[in-house]
Amino acid sequence: MPSLPEVKKDYGRQKFLINGEWVDSKSEKLNDNLNPATGEVISQFPEATEEEARHTVKAAYEAFKTWSNYPIRDRAAMLFDMRAKFEEHFDELCRVLSQDHGRTIGEAQGSVRRVIENIESACSAIYALPKQNEHVMQLARDIDQYLTWEPLGPFLIITPGNIPMHSWSSFVPYALAAGCTVVVSPSRQDPVAAEYINRVAQEAGFPPGVINMIHGGREINKGILSQPEIKGVGFIGSNRAGHELFEICGKLRKTSSINGNGKNHVVIMPDANLDEGVQWMLRSCFGMGGQRCLGVDNIVLIGDIYDEFKAKFVEAAKAIKLGYGLNQDTELGPMATRNGKENVVKWIEEALSEGATMVLDGRNPEVENYPNGFFLAPTIIDDVHVDMETAKVESFGPVAALIRGSSLEESIEWINTKTYLGHSACILTGSGSNARKFIREVNVGNVGVNIGVAQPYAFFPLGSRRDSFVGTAKSRMASMRMFMDEKTVCTRWV
């Protein structure tokens, strides 16, 4: 039994949030949702019909007419109330997230805290709106001109399975702050977590139709985005799905924030503190089961530190304790899905077939009391070269690939040219000159110095580049520019 109680053993058949009501779907397509630590069914969720999707879009559209006219201070008050609700339900949300996704309770607490920080950031965005307006008196004789920002309308928000709550907060609070309404379509990987975050948000008393949620697949999402009432999409997920949505936005002239895959590197210089670096890499490579867009696959070791770092890293990784995330001594939980585990195993096998060497094999761990969970232990491979396909493709699991590098310049060139992804990169060094060169020259959107995960705070955007991002605006605070558009007014007073 886990040391922390499950909120529920079985959540039953899940509902949709449409126009302020939690309703049963008429769909006959039901999917089992499994606890990744135990392999047991904990809920069933339906896939929305086209009619239900259309009804949800209509609810968001009708609500926008009212919500967009709410006074700024009233919208702010509701967001502050929503923040209070998340504090009130903090423990419950963390336990649901750990049970449904598989992450440790500590990782769940960090994720829910990020949600609250994004809500706080959205509150500050509301009060910053007047500062974005510009007013010029007497631009010409008897003519004044001013710039104002207006909300666009309802938006589709698609959240991924690896960060179901954090990703929700990267868009939804900002959309509400801007005066927009949302249709949330969460990943099928952890639908209970997705439902709970919307339930807590709705407790703040938003008018019916401001927040809506249905479970749909790729075709339903594309159908929703194609509806004329929907003005754009906020998306975090795979490049394949995101680029399909981006094509729709281009054809229909809609706005978007499409955040996709990453293939992230850490460069460790000879002057780095290796003991600290090992601890940072444990979190960066294996935290959340490696299922994080800012996590690291490739560790590039410069100079003669390779063998020393490898020995320390392997020893530390071997000691990581696997288990159910609701056990407070667990350091690494399961993969979120069985399919996710199988994909990582396939990635490892492809790396070995390309010539990589297994240093620490985590493919078949035995986890006491949880024989049916989707567990992978930390896996470390070496003899990896940057021209290997597996050095360019995200593993999305608890895997670290060790790469020998000869110089900082070479490593920067690898990061900039050997993969089409530009999500994040970090450097560990005691040299300010090395750090400055890395910051200025590496072509990624999130850079870390002496840190394992280059995680932006809520009021900074997630700054991905190249194929890791396409769209109008980055997520979090920067998404306010996606949800609103400028209007310039020229007046002559007569």
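The values are calculated or read from the model by the stated rules, or taken from the named source; none is laboratory data. Remember, predicted model here, so these are calculated numbers, not experimental data. Ideal geometry is used to build each Cβ from the backbone, glycine not excepted, and the neighbour counts take in all protein chains shown.
The residue of region 242-268 that is surrounded by the most Cβ atoms within 10 Å (Cβ to Cβ), among those that are of a type in the set (A, V, I, L, M) and more than 24 Å from S395 (Cα to Cα), is I248.
Which one is nearest to E88 (Cα to Cα) among residues in region 188-207 that are surrounded by fewer than 22 Cβ atoms within 10 Å (Cβ to Cβ) and small (G, A, S)? Restricting to residues being surrounded by fewer than 22 Cβ atoms within 10 Å (Cβ to Cβ) and small (G, A, S), the top hit is A204. Of everything listed in (1) touching a Phe, Trp or Tyr at 6+ places or on another chain (Cβ under 9 Å); (2) crowded, with 16+ Cβ neighbours inside 10 Å; (3) β-branched (V, I, T), the single unmet condition for V449 is (2). Restricting attention to region 474-494 and to residues that are in a loop (DSSP other than H, G, I, E, B) and surrounded by fewer than 21 Cβ atoms within 10 Å (Cβ to Cβ), the residue that is nearest to the chain's Cα centre (by Cα) turns out to be W493. Looking at (1) more than 22 Å from the chain's Cα centre (by Cα); (2) surrounded by fewer than 20 Cβ atoms within 10 Å (Cβ to Cβ), find the lone condition where I381 falls short. Every condition holds for I381 apart from (2).
Among the candidates G209, G216, G260, the residue that is under 19 Å from S169 (Cα atoms), small (G, A, S), in contact with a helix residue (DSSP H, G or I) (Cβ under 9 Å, 6 or more places away or on another chain) and at pLDDT below 90 is uniquely G260. Candidates in region 373-396 are the residues that are in a loop (DSSP other than H, G, I, E, B) and modelled with pLDDT of 95 or more; of these, the one that is nearest to F313 (Cα to Cα) is P378.
A single entry from G234, G216 fulfils the requirement of being surrounded by 16 or more Cβ atoms within 10 Å (Cβ to Cβ) and assigned to a loop (DSSP other than H, G, I, E, B): G216.
Every condition in (1) in a helix (DSSP H, G or I); (2) over 25 Å from F396 (Cα atoms); (3) in contact with a Leu (Cβ under 8 Å, 6 or more places away or on another chain); (4) in the same structural domain as V449 (by TED's automatic domain parsing) is met by A272 except one, and the failing one is (1).
Residues considered: K341, K321. Of these, the only one that is in contact with a Gly (Cβ under 9 Å, 6 or more places away or on another chain), under 27 Å from L93 (Cα atoms) and charged (D, E, K, R) is K341.
Does V345 satisfy the criteria of being among the β-branched types (V, I, T) and either farther than 24 Å from V442 by Cα or part of a strand (DSSP E or B) (or both)? Yes: the conditions hold for V345. Residue check: R113 meets all listed conditions (1) touching a helix residue (DSSP H, G or I) at 6+ places or on another chain (Cβ under 9 Å); (2) crowded, with 20+ Cβ neighbours inside 10 Å but one, namely (2). From the list P151, P173, the one residue that fits, being over 24 Å from Q291 (Cβ atoms), in contact with a helix residue (DSSP H, G or I) (Cβ under 9 Å, 6 or more places away or on another chain) and modelled with pLDDT of 95 or more, is P151. Residues in region 154-170 that are farther than 13 Å from N198 by Cβ and among the hydrophobic types (A, V, I, L, M, F, W, C) were compared, and the one that is modelled with the lowest pLDDT is I163.
Taking N239 as the residue in question, decide whether it is surrounded by fewer than 23 Cβ atoms within 10 Å (Cβ to Cβ) and of a type in the set (S, T, N, Q). Yes, satisfied. Which members of region 171-216 meet the condition of being under 19 Å from the mean Cα position of the chain (by Cα) and among the acidic types (D, E)? Within region 171-216, D190, E195 meet the criteria. The residue that is modelled with the highest pLDDT, counting only those in region 120-148 that are hydroxyl-bearing (S, T, Y) and more than 23 Å from the chain's Cα centre (by Cα), is T148. Could you list, in sequence order, the residues of region 286-322 that are among the small types (G, A, S), surrounded by fewer than 20 Cβ atoms within 10 Å (Cβ to Cβ) and either in contact (Cβ under 8 Å) with a residue 40 or more places away in the chain or not in a loop (DSSP other than H, G, I, E, B) (or both)? G303, A311, A316, listed by residue number.
In the set (1) touching a Phe, Trp or Tyr at 6+ places or on another chain (Cβ under 8 Å); (2) under 21 Å from I230 (Cβ atoms); (3) in contact (Cβ under 8 Å) with a residue 24 or more places away in the chain, the condition left unmet by W22 is number (2). Among the criteria (1) among the hydrophobic types (A, V, I, L, M, F, W, C); (2) touching a Leu at 6+ places or on another chain (Cβ under 9 Å); (3) assigned to a helix (DSSP H, G or I), the one I412 does not fulfil is (2). Elements of the type strands (runs of 3 or more DSSP E) sitting completely within region 11-79 and holding at least 2 residues that are modelled with pLDDT of 95 or more and crowded, with 17+ Cβ neighbours inside 10 Å: these cover 16-18, 30-34, 41-46.
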